[in-house]
Amino acid sequence: MDRVKSSMQQVPNAIPKVIRRTGGANSLELEKENFERGQAVSINKAINTQEVAVKEKHARTCILGTHHEKGAHTFWAAVNRLPLSSNAVLCWKFCHVFHKLLRDGHPNVIKDSMRNKADLTDMSRMWGHLSEGYGKLCSIYLKLLITKMEFHIKNPRFPGNLQMSNRQLDEAGENDVNNFFQLTVEMFDYLECELNLFLGVFSSLDMSRSVSVTAAGQCRLAPLIQVILDSSHLYDYTVKLLFKLHSCLPADTLQGHRDRFQEQFKKLKSLFYRSSNLQYFKRLIQIPQLPENPPNFLRASALSEHISPVVVIPAESSSPESEHVVETEDLVDTDVPVLPPAVETKFDDLFGTSAAIDPFNFNSQNGMRKDDKDRLIEQLTREIEALKEELESFRLESGRLCQALRGRVSELEAELAEQSHLRLQAAGESEFLKAELEDLRRVREDTEKEQRSLTEIEKKAQANEQRYTKLKEKYTELVQSHADLLRKNAEVTRQMTVARAAQDEVEEVRREMQDKVKAAQEVADRQERDQLHQLQELQRELVSNRVELESLKTTMASSQQSSEVLSSQLAALETEKAELVQSLSKVEAELAVRGEELERVQSSLSTERESGVKTAEALQNQLNEKESREQALESQLVAARWSSLQGAVEEAEKIIQDSLAQIDDPAHISCTSSADYLASRCQASLDCMERLHSAGEAFLADNTGVSDLVRVVTQCGHLVGDTIVQGSATSHMVPVEQADALSESVKACGAEALALLGQMKQQDSLAAADNSKLKAALEAILATAEKLRPRGLELQQGELGDLVEQEMAATSAAVESAAARIEEMLNKSRAVDTGIKMEVNERILASCTELMQTIKELILSSKDLQRDIVEGGRGAASMKEFYAKNSRWTEGLISASKAVGWGATVMVDAADLVVQGKGKYEELMVCSHEIAASTAQLVAASKVKADKDSTKLHRLQQASRGVTQATAAVVASTKSGKSQIEETETMDFSSMTLTQIKRQEMDAQVLVLELETRLQKERERLGELRKKHYELAGVAEGWDEGEEGTG
């Protein structure tokens, strides 16, 4: 009771006044007020500052209260008044009660509690500044509760207690492998928080003493019951989800999941084992034991061997704190002495025993009194009853003492068991320390040897220093003589330059004089030629004047002769004139007769002309009507031809528009196609473009041949539309960059096709329609499809055998080169590095060398097994024919060999950077995992056609296990080296002020939030990359080779 009173004094305002009572409150308000008061009392009894475990009945009352009000409003109203940020024990017990409410309370508790998530986050960050005690535990516990709330908000199908059937688990993932992948990651994070709390509690306890039987130890251990319940379900669901993921995704993609599960499995198994040995848990919960080895997810049948862990809580178990804490029913002071239980004796004490024996006093009605003997008998009877009561009290006391002694004996036995367990641990630690001592002795001997070798190296260095000094002096002399020679050479060069300049000036003067002489000679020659030409002209003019004088003389003589001839001719003409006058009169008479005849003929011709004009007009009208009818029929025929062409063009437009609409349809995302099929569609479309061009030119030359153009336009619409759909489906199976480029090419093709068809719809623009842009778009899609075609399709079947041998040889060469580079890096590191860095580099490079050796053995074993397979399966055929017949298996071998060689090269580069201090340890670990995955792929590809009883197959499997162990050794050495390097970098805050520390703290918080956001985004990106890698691997290996459509 004193303890309860002290807790009431430490917690201010223990019972919050949630609702003030009013005078006129009705029954519902009274019931609500009583409920809230009872809840407040139970909450304050459960969450107090006493370092004892929370009582089960108070926590159960809080749980029932959430179901009564269908939420947690009352709980948070009471908790918000508690000083959780000032008392670590109070905050620890709040976390315990809140965990119980999240598990067993009403489903709305999680939703109501999300409003206080920010406060819980701040409180966790505040308690995280403490490095020990309840403060650190409260920070871990609050992070766990926040993670639990976020998990249930993201996955509302999971109840608070995580109890689900297999069908409900499948429904939670909605049968989507991406959802199952993300759900597994979230469960890993959830279980990681549970394990952190487990380890935090165990590390805070002194296991050398029997802490599980003390009140303080039970206060820390009590919440682990809820953690055990959650962890068992999370482990079971994680195993089932991983088996489901391995049935849908390749094993390489899930390597990270398997590694994380292995780590959590070891921790959970160890913690379950340690918890089952504690006396405190033996009476309250039956903890399951996990199997000796984790499940093998690479074997699907191992799921039937999995047994779900079941946690059993005994029905009759008492509350954890019932043995060590005095139970109190109320929060009021009950120190008032309790009245004795013998209430029935009050009447005898007041009215005498006679009234008690005979209340109606029938015996004394006649004045009769009891004698002394009866009084003595009654007195003895009362004494006997008192002795019986005392005996019963002694019996109860002895039973209680016996029970306490039995409990003490049990505690001592448990303590003895723990001491024996600690003794065994101490013995093991002593053996470990002895082994470490031997290792230190060997290290000291190695150090002494290295010191001696270092002394020898120093001596050699001094000798090399002296030799270097002599060489340096000799080099200085050579440099001086070389400088003198250079100066002499420069002087000679300068003199030669001056001589050449003088010679050039003389040559230039000589050339100028020659040019002047030539110019003078040319001027003299030109003047002489002009004078000669003028003399010749004067001579020709003199000759022409003489000729003209002679011609004038001859003309004068001829004119005299012609005058005589003309006079004679004039006389002859006079006689002829008279004769002509006579003949003219005769002709005029004949003309008068002929004029009369002409008038008669003209009158008859005019009548005939009038009748002919009327006949011609009638015939012209008939001809015009016929021509108009022919023109109408011709126009109708042209319109019919053009309408048929327009209908074909519109139908082609609809086909292409429908294909473009399918690209943006969400249902089309699941459709896929191969690059080979896309290339065939593109080629068919290009051929159709040629036919379209020819048909268009023929139609423009003669529009009667429209049927060919209509047929070609329709066919082009179908082929281009199919090309668009197949291009979009192919983009779903290629990398993101190539997918975007292909999608843009497909859309550009559709736009060009619609533009071409739009030109063909208009009669005036039909002649200008150009399909060159559409052909260019189709050729771009064809080029992209050719790039995306799997390389195996480009090979002739006869080349596969040679390619297998080449790839295996290249892989062997890559591994040999990697081993040589590692040896070179090891020697360089020994010569340059010292101390911890040299030790870390030697350990990492030694593990890498061992890994290269195991890979080399694996490749040799794979070659032997392949040779055995070929010899056993080819029969009378040749080796190349066998590889060609089994082309798919051959391509798998080629791909696996490439992956192994590439992984070895990348790992050596990463190791080189790590040794130089420029790389990341994580990159080396990832490269190791990739090599393990690649070798596993090579083993799987090699053993497909092998006989299961083959000795070479057994040898290959042993080599594969050796590679796995060597990979694990590389990862382990890298992790240990990273931790050793990081331990040397200590943080010194001694010279910083309070303001600087606060600023650094805020910067660290900002950086943590940024890194958490980046981690989430990178995990999502990793999931998308793994999904796309799986799809591309399927395309590269020809998994969808049989599908030529879009599904």
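The values are calculated or read from the model by the stated rules, or taken from the named source; none is laboratory data. Treat the numbers as computed from the prediction; the structure is a model and nothing was measured. Note: ideal-geometry Cβ built from the backbone for every residue, glycine included; neighbour counts use all protein chains shown. These area figures cover heavy atoms from the full protein model, side chains too; ligands, DNA and RNA do not enter into them. Shrake-Rupley method; radii C 1.70, N 1.55, O 1.52, S 1.80 Å.
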Using 10 Å bins from zero, what percent of all Cα-Cα pairs in segment 417-460 falls into each bin? 26, 25, 20, 14, 10, 5, 0
If the chain between Ala592 and Glu445 were fully extended at 0.36 nm per residue, the gain over the current Cα-Cα distance would be 36.4 nm
Using the Kirkwood radius over C-alpha pairs as Rh, can you work out the diffusion coefficient of segment 376-426 via Stokes-Einstein at 25 °C, viscosity 0.890 mPa s, in µm² per second? 173
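Diagonalise the Cα gyration tensor of segment 648-700 and give the resulting equivalent ellipsoid semi-axes, square root of 5 times each eigenvalue, largest first, whole Å. Could the numbers behind the result be given before it?
On the way: eigenvalues 153, 58, 4 Å².
Those come to 28, 17, 5 Å.
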Relative packing of peptides 814-824, 44-54 - highest average C-beta neighbours within 10 Å first: 44-54, 814-824
Semi-axes in Å, largest first, for segment 168-259 (Cα gyration tensor, √(5λ)) are 35, 14, 9
Extension gain, Leu478 back to Leu405 (0.36 nm per residue minus Cα-Cα distance, nm): 16.1 nm
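Express the accessible area of segment 609-670 per residue in Å², computed with a 1.4 Å probe while the remaining protein chains stay in the model. Please list the in-between numbers first.
Values: 4450 Å² over 62 residues.
Heavy-atom SASA per residue in segment 609-670 reads 72 Å².
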Which of the peptides 930-941, 719-730, 643-654, 289-300 is most tightly packed, and how do the rest follow, judged by the mean count of other Cβ atoms within 10 Å per residue? 719-730, 930-941, 643-654, 289-300
What spacing in nm lies between the two simple spin-label points modelled at Ser644 and Ser817, each 7 Å away from Cα in the Cβ direction? 6.7
Carbon/sulfur fraction of accessible area - segment 641-788, other protein chains in place, 1.4 Å, %: 52
Cβ under 14 Å from Val587's Cβ, Val587 left aside: what net charge do those residues give with Lys, Arg +1 and Asp, Glu -1? -1
Of every Cα-Cα pair in segment 38-173, the percentage lying beyond 25 Å is 26
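Among residues other than Arg1014 whose Cβ falls under 14 Å from its Cβ, what is the net charge (Lys/Arg +1, Asp/Glu -1)?
Working: positive: Lys1017, Arg1019, Arg1021; negative: Glu1010, Glu1012, Glu1018, Glu1020.
Computed value for this residue: -1.
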I want to check the label-to-label distance for Ala755 and Lys117. Put each point 7 Å from Cα in the C-beta direction and report it in nm to one decimal. 5.1
Expressed as cubic angstrom per residue, what is the convex hull volume of the alpha carbon set of segment 254-311? 79
Between Glu174 and Lys828, what is the label-point separation in nm under the 7 Å Cα-to-beta-carbon projection? 5.2
Suppose R0 equals 22 Å. What FRET efficiency, 1/(1 + (r/R0)^6) with r the Cβ-Cβ distance, do Gln916 and Ala810 give to the nearest 0.05? 0.20
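Let's test the formula: R0 of 45 Å, r as the Cβ-Cβ distance of His67 and Gln1000. What FRET efficiency results, to the nearest 0.05? Working shown, then result.
Details: r = 47 Å, r/R0 = 1.04.
E(calc), rounded to 0.05, equals 0.45.
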Based on the Cα atoms of segment 614-730, what semi-axes does the equivalent ellipsoid have, where each is the square root of 5 times one gyration tensor eigenvalue, given in whole Å with the largest first? 48, 15, 6
Most to least packed among 771-783, 994-1006 [average Cβ atoms within 10 Å]: 771-783, 994-1006
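What is the magnitude of the charge dipole of segment 608-663 about its Cα centre, with +1 placed on the Cβ of each Lys and Arg, -1 on the Cβ of each Asp and Glu, and no other charges, expressed in debye to the nearest 20? Walk me through the numbers on the way to the answer.
Details: 6 positive and 11 negative charges, 16 e Å.
Roughly 80 debye, rounded to the nearest 20.
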Heavy-atom accessible area of Tyr677, protein chains in place, probe 1.4 angstrom, given in Å² to nearest 10, is 50
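How much length, in nm to one decimal, is gained on full extension between Glu505 and Glu390, taken as 0.36 nm per residue of separation minus their Cα-Cα distance?
Working: separation 115, 0.36 × 115 = 41.40 nm, distance 15.01 nm.
This chain segment gains 26.4 nm when fully extended.
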Counting Lys +1, Arg +1, Asp -1, Glu -1, what net charge surrounds Arg691 among other residues with beta carbon under 15 Å of its beta carbon? -2
